[in-house]
Amino acid sequence: MPQISATATSSVLNDRQKYKYFKRTVPSDTYQAKGIVKLLRAYGWEYVSILYEDSSYGRYGYIDVKTFARLDNVCIGYEKQTSEEMTDLEIKELVRDLKIRRNSKGKIVVVLFMLYQHAYRIIRQIHDMRSKGFIWIGSDGLTGRHPPDGLENIMEGAIGLTLETSEYPGYLQYVNTQRISTNPNPWYSEFLQQYFPNCTMESCAWINNTGIPYIINVRDAVYAFGEAILNIHSDMCQNHTGVCKEVIDKLTGDLLLEYLEKIKNPLNTSFNFVHGVEGQP
């Protein structure tokens with residue numbers, strides 16, 4: 001059955017034989033990794049460390065960064081796979097290893113290819129150890145969020161890469177008119193708690209566009225499926241209202257995949273799959 005993700009960026013999903021039925025409305029992390037290395041070269045940081053989380057996102061992001069770093073003569077002097085199960089003692093040991101990997105300008109440049117929760121735990125330990133001289137380069141798993149209280153100074157000057165996105169006209173206005181107690185969507189309260197853990201008001205009127213990532217990518221995924229299903233219905237059912245017998249008899253995952261790969265500008269949007277597979281870089 002075809003799947004379309006609005007957030008899965010791992011380059012492992014580029015394997016079209018293994019993931020034949022997978023599509024996404026976002027680009028692969030391969031582009032992000034290339035951007036990180038270009039950024040390092042632009043600032044003259046040719047000796048860096050990289051920390052990456054124990055997940056397909058982290059591992060394949062690390063592989064991509066290392067590949068492009070080698071091609072662009074950027075030396076990765078220290079690399080470490082981390083996990084949420086790391087103890088405070090293990091993180092302190094990690095910090096000590098980072099501190100002795102300074103570049104020629106005396107700075108400790110660290111690429112973080114991980115989600116923000118884990119990254120902030122490491123950074124807080126560095127703050128508690130009163131360590132200085134760190135320059136953070138964050139992947140999109142970290143970028144775009146305000147640091148927790150107390151970490152602002154140690155993260156000052158951090159640089160992050162994230163996906164280019166655009167505003168979904170009307171979406172925020174809709175969200176800000178909704179009330180938790182009367183919204184018929186059973187997942188609405190869970191949605192607010194996930195993205196806005198401090199939102200306790202009946203109506204969270206302070207929600208802004210930067211707080212809800214990738215909404216436009218979610219819309220593109222839904223519209224792609226919608227357009228494909230409309231086209232299948234039009235071809236098979238002609239003017240028949242509702243689901244016709246031919247659709248019931250012949251609709252398969254492979255047929256839906258075939259129609260998805262032909263999608264262009266679904267429902268009058270400007271989105272298109274690159275090579276029929278993923279979003280624009």
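The values are calculated or read from the model by the stated rules, or taken from the named source; none is laboratory data. What you are looking at is a predicted structure, and each value in this text was computed from that prediction instead of being measured. Cβ sites come from the backbone with ideal geometry, for glycine too, and all protein chains shown count toward neighbours. Calculation scope for accessible area: heavy atoms of the full protein, side chains included, ligands and nucleic acids excluded. Shrake-Rupley method; radii C 1.70, N 1.55, O 1.52, S 1.80 Å.
Conditions tested, residue by residue: (1) open to solvent by less than 30 Å² (accessible area, probe 1.4 Å); (2) at positive phi; (3) among the small types (G, A, S).
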site	(1), (2), (3)
I36	yes, no, no
W45	yes, no, no
S49	yes, no, yes
G58	yes, no, yes
K66	no, no, no
Seminar exercise, completed: For K23, the lone unmet condition from (1) crowded, with 18+ Cβ neighbours inside 10 Å; (2) under 17 Å from L115 (Cα atoms); (3) of a type in the set (D, E, K, R) is (2)
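Of all the helices (runs of 4 or more DSSP H) wholly in the stretch 167-243, which have at least 3 residues that are open to solvent by 60 Å² or more (accessible area, probe 1.4 Å) and at pLDDT 80 or above?
Ranges flagged: 215-237.
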Exercise. Quick one: which of E156, E84 is touching a helix residue (DSSP H, G or I) at 6+ places or on another chain (Cβ under 6 Å), open to solvent by 80 Å² or more (accessible area, probe 1.4 Å) and either in contact (Cβ under 8 Å) with a residue 24 or more places away in the chain or in a loop (DSSP other than H, G, I, E, B) (or both)?
Worked result: E84
Exercise. With respect to T30, is the statement that it is surrounded by 15 or more Cβ atoms within 10 Å (Cβ to Cβ) and within 11 Å of the chain's Cα centre (by Cα) true?
Worked result: no
Exercise. Quick one: is Y120 aromatic (F, W, Y), closer than 15 Å to G160 by Cβ and in a helix (DSSP H, G or I)?
Worked result: yes
Problem set entry | Residue count, the stretch 130-142 (criterion: crowded, with 18+ Cβ neighbours inside 10 Å and part of a loop (DSSP other than H, G, I, E, B)) | 4
Problem set entry | Residues of the stretch 212-238 satisfying the condition of being in contact with an Asp or Glu (Cβ under 8 Å, 6 or more places away or on another chain) and either closer than 14 Å to E258 by Cα or free of Cβ contacts under 8 Å to residues at least 24 places away in the same chain (or both) | M236, C237
For this session: Name the one entry in V26, V12, V48, V65 that is closer than 22 Å to G133 by Cα and hydrophobic (A, V, I, L, M, F, W, C).
Result: V48
For this session: Could you grab the pairs with beta carbons closer than 9 Å, sequence gap of 6+ or different chains, first residue in the stretch 120-139 and more than 22 Å from L40 (Cα to Cα), second one part of a loop (DSSP other than H, G, I, E, B) and of a type in the set (S, T, Y)?
Result: Q125/S131
